[in-house]
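**Q** First the structure, then my questions, so here it is.
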Amino acid sequence: MEISTLLFYAFATVLVISGLLVITAKNPVHAALFLVLAFVTSGCIWMLMHAEFLAIAIVLIYVGAVMVLFLFVVMMLDINIDRIREGFWRYLPVGLLVALVMVAEMAAVLNKPYFQLAEVPQPAAPAATHSNTQELAQQLFTQYAYPFEIASLILLVSMIAAVALTYRRRQGLKYVNPADQIAVKAADRMRIVSIPVEPGVATSLSPKEGE
């Protein structure tokens, strides 16, 4: 058995175990960390498949951005774990049924006699000058140009919707206009006031009486 095959089975085992721990971990922070491990392991599997761009993309985007955001949200919110677990056993039969259907579909797709009529030729080894990033870009902007543009438009609309939902005015909150803060001047922030000193106050604070 080749070393690449051994590495694939090792990474696949870690990926499956970390995926199971994501849905069985009691602490949400631990679940998010196990999901980070699953993403990194899947990136290693992409590296074994000579898809370097997808491997570095899943590490930078999902681990470096998305999961960091998830961890901040989980740690900042006061999540009631007991309340989340209330419906676990109630929806467990439905979840198991959906999982069995998904496993059956994957087994049917991977079953060669039903979905593969002939032997698929193995692709040749990529040349030293071969670039997966160039091939992926060529496929995205030629054959899949319209789906790529539609997906980017959907993401743009979702970003605008998220900003619009958080921008609404709520009662009881202090609001500061950034334009007013920038336009303020030093003369508006400080004012020198001349206060006349009363004779009685000056006499009572004399050093001789303090001694």
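**Q** Sorted by packing (mean other beta-carbon atoms within 10 Å per residue), highest first, where do 58-68, 30-40 land?
**A** In descending order of packing, they fall as 30-40, 58-68.
**Q** Something else now. Could you tell me the distance between the Cα centroids of the range 153-184 and the range 1-50, to the nearest Å?
**A** That distance is 38 Å.
**Q** How much length would be gained if the chain were fully extended between Val176 and Thr142, taking 0.36 nm per residue of separation minus their Cα-Cα distance, in nm to one decimal?
**A** 7.5 nm
**Q** Using the basic label-point model (7 angstrom from Cα toward the beta carbon), what is the Ile192 to Asn27 distance in nanometres?
**A** 5.9 nm
**Q** Cβ neighbours within 10 Å, averaged per peptide: list 11-17, 104-110 in order, most packed at the top.
**A** Ranked from most to least packed, the peptides come out as 11-17, 104-110.
Any read-out appearing in this document is the output of simple, stated calculations on the displayed coordinates, not a laboratory observation. All values reported here derive from a predicted model rather than from experimental measurement. A quick note on method: Cβ atoms are made from the backbone with ideal geometry, for glycine too, and the neighbour counts reach across all protein chains shown.
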